[in-house]
Amino acid sequence: MRKELLLCTIMLLSMLQVKATEKETIRISTNETDLILKVAPNGRLYQSYLGKRLMNDIDLKHLPYYINAGSDGSNSPRGWEVYPGSGAEDYFEPALAITHNDGNMTTILSYVSSETQKVDNNVTETKIYLKDKVYPVDVTVHYVTYANENVIKTWTTLKHKEKRPVTLWRYASNMLYFENKRYFLTEFSGDWAKEVNMNTQELLFGKKVLDTKLGSRAAMHTYPFFEVGLDKVPSENEGNVLMGTLGWTGNFQFTFEVDNAGNLRVISGINPYASAYELKPDEVFTTPEFIFTLSDSGTGKASRHIHDWARGYQIKDGKGDRLTLLNNWEATYFDFDEQKLEELMKEAKSLGVDMFLLDDGWFANKYPRSSDNAGLGDWEVNKNKLPNGIPHLVRSAKEAGVKFGIWIEPEMVNPKSELFEKHPEWAIHLPNRETYYFRNQLVLDLSNPKVQDYVFGVVDKIMTENPDLAYFKWDCNSPITNVYSPYLNEKQNQLYINHVRGVYNVFKRVKDKYPDLPMMLCSGGGARCDYEALKYFTEFWCSDNTDPIQRLYIQWGYSHFFPPKSMCAHVTSWNKNTSIKFRTDVAMMCKMGFDISLKEMNENELGYCQSAVANYNRLKTVILDGDFFRLVSPYESNHTAVMHVGKDKKKAILYAYDILPLYGEKIIPVRLQGLDPKKIYKIEEINLMPGETSRLSSNGQTYTGDYLMKIGLNAFTTTGISSRIIEITQQ
Ligand code: GLA
């Protein structure tokens, strides 16, 4: 009897054990990836597995709590803690660091519970609750998975109930661990007009940090996204690769740390530089979203997944149409009047684009905006240039048969402005040092709610006066300089974070009130290109550099993380050594626009542009919503090629560019991707100059998708800088 009771108890206990183990395994998965977290006997939460999705649930029980973390000289096991605090047994960079009210700087989080909720068939949200057993600190780690797009979005919320504010020193969005032989980081760095140069380096022991301290934007010198090749250098079509990006329009930080055991830790979040955050009791600190995907076949597939996710879930009106446009910036700079603009509107119509976009220089009277050193902040129309106001221009555009859009830069102020005279305390600048100006301007202090109201008011006033206005280009040309907020007084350590939150408050108010208004995000070129800002914007300006050759590299770089429909590319007169056709063919792969006076063109060139716009409109769904393939890299060749394939594989567009062709060089056919191998496709070169016939031997021929993908098309030439756009149609 006693024996039976014992047996029963053992059985019950082991059942409970199984139950407990099951409960303590948290599976976060997409169709292709598993992130498996386990609660160890010490009550803490560890990353147990991150990689290709496991086929059989029964295998989960074999996964360890503690991964090979190397020796630390003690007998206690160490592992990969999901959200490690400072002061525990791990000697590497923590995700979280807090100074508690009693001065203690350690935080060790234990697992409390978790919840998983299916939002729909594709999206699942998991919340994991953690707490410190010694201090009243609660942490929630959030994961949202997108099954088909193989994307995981994760962020963390922090809260406490200590008596006084605690100081947060580190507050990462997320930490991931990898156990591979070698790691190769591809980073995207550059400068104004030299955006997103791609470089790859091996990560060896120690830390590599990518971060910025620009305050009002994420990027300029390095961009808020990266790729890590696991075992091999990241490449387009093969190999395991992690691609990650942070949604934060301010200082960000990625830390890649290879530890004593040769494992890689990737920590993503706000850059804590000069931002020790005072968190009040019960205040919730929400980190930005970190978005990542793992690919088992290179960056190409990962990019297509991110594009699908971005269009489906993140970018404002991600699934909607986009407007082609004619912008006056490079055609006129600050030198325009009503008549010039009205002529350009007519030119926009004759080109066939949807909209005319009025750029910088239309506002301010006391200190007219006739150069970039005055007027920012005074958003009344300049009466000399435009005596009849914006409503008149909106009407003129309507008469010309195009929509009307306008440029603003409402977060900034020139010291030579009425706004600065009235509210010097609204500008971020130091009371006790010489002021440093970036592009002759200062950043308004968006940590101040009154300034938020003012910035929202700029948009709201223009929209109220011009309900037919169809588009905003929202610029942000200066990083935060002279880092001091008159509003925050002695709490300067809150400035970087509260400023960005203030920017989001304004963006949100604009989107709530004008949900259907398309908006371009611009920041002295492409310095604002992150997935939090893009919740409020339909597209972004990639670079002020519109030299088509350099644009090929810039667009190649951005396309790793952003769908072409979100990337504005305009035809301008940069690099006149290239033809109008070449410049247009480069813009055509993204969200196309023109920023040039048609007077610069001869009849042939104009005819060509008109037919290119007509082709663009005809093929828009493939370009904007199809799959994007990077076929030949400009980094690896003196030619480059990319391709859009419609989701139904019925239509594709191949773009081939000769950047630096050499006499007598061997030309390799371009192997296409994404077609149906069994179907027949017709090849047709489009975007030809008027009267020109295609010199492609394949023009007008039909091939199977299999042939085109295995053997390819001779799309490159050795005849100078030139381009071809080829329409591929399933028969
Ligand atoms: C920035 C933008 C440009 C243009 C100018 C206007 O440089 O990137 O496209 O709008 O501002 O001042």
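The values are calculated or read from the model by the stated rules, or taken from the named source; none is laboratory data. Bear in mind the structure is a predicted one, so any value in this text is a computation, not a measurement. Please note: Cβ atoms are built from the backbone with ideal geometry, for glycine as well, and neighbour counts cover all protein chains shown. Remember, those area values only see protein heavy atoms, side chains included, never the ligands or the DNA or RNA. Shrake-Rupley method; radii C 1.70, N 1.55, O 1.52, S 1.80 Å.
With 10 Å bins beginning at zero, the pair-distance distribution over Cα atoms of segment 112-157 amounts to 27, 44, 21, 7, 0 %. Carbon and sulfur atoms: what percent of the 1.4 Å accessible area of the chain do they account for? Within the chain, the accessible surface is 52 percent carbon and sulfur. Cα centroid separation, segment 486-516 to segment 224-249: 30 Å.
Rolling a 1.4 Å probe over the protein heavy atoms gives segment 181-233 an accessible area of 41 Å² per residue. So if R0 is 56 Å, what FRET efficiency would ASN617 and TRP169 give, r being the distance between their Cβ atoms, rounded to the nearest 0.05? Here the calculated transfer efficiency is 0.60.
Highest mean packing first, where packing is the average number of other Cβ atoms within 10 Å per residue, the peptides 194-204, 57-67, 136-146, 365-375 line up as 136-146, 365-375, 194-204, 57-67.
Note that segment 235-336 presents 26 Å² accessible area per residue, ligands and nucleic acids not counted, probe 1.4 Å.
Counted residue by residue at 0.36 nm each, then reduced by the alpha carbon distance between them, the extension gain from ASN638 to ASP460 reaches 59.3 nm. Its Cα gyration tensor gives segment 169-319 an equivalent ellipsoid. The semi-axes, each the square root of 5 times an eigenvalue, are 25, 20, 16 Å from largest down. Beyond 19 Å, what share of the Cα-Cα pairs of segment 494-594 remains, rounded to the nearest whole percent? Across segment 494-594, Cα pairs with separations above 19 Å total 47 percent. Placing one identical point scatterer on every Cα of segment 228-311 and ignoring solvent, what is log10 I(q)/I(0) from the Debye formula at q = 0.13, 0.24 Å⁻¹? The Debye formula, applied to the Cα set alone, gives -0.56, -1.18. Only DSSP H runs of four or more residues enter the estimate; each adds -39500 (n - 2.57), and after division by the residues of the chain the mean residue ellipticity at 222 nm equals -6500 deg cm²/dmol. Among the trypsin sites (Lys or Arg not before Pro) in segment 500-607, those placed in a DSSP loop whose Cβ has at most 11 other Cβ atoms within 10 Å are LYS576. Electrostatic tally near MET567: other residues with Cβ closer than 12 Å to its Cβ, Lys and Arg +1, Asp and Glu -1, net +2. Taking all Cα pairs closer than 8 Å and separated by 6 or more residues, the relative contact order of segment 113-245 comes to 15 percent. Normalised per residue, the accessible area of segment 81-166 is 43 Å², obtained with a 1.4 Å probe and no contribution from ligands, DNA or RNA. What does the charge add up to near SER86, with Lys and Arg as +1, Asp and Glu as -1, over the other residues with Cβ less than 11 Å from its Cβ? Result for the local shell: -1. Electrostatic bookkeeping for ASP102 treats Lys and Arg as +1 and Asp and Glu as -1; over the other residues with beta carbon under 12 Å from its beta carbon, the sum is +1.
As a size descriptor, the averaged projected area of the C-alpha convex hull of the chain was calculated at 36.8 nm². Taking the square roots of five times each eigenvalue of the Cα gyration tensor of segment 346-446, the equivalent ellipsoid has semi-axes of 32, 13, 10 Å, listed largest first. One Cα centroid belongs to segment 133-151, the other to segment 682-702; the line between them spans 53 Å. DSSP finds beta bridges in the chain, and of those with both partners inside it, around 85 percent are antiparallel. Angle of helix 298-309 to the longest C-alpha principal axis of the chain, folded into 0 to 90 degrees and rounded to 10: 80°.
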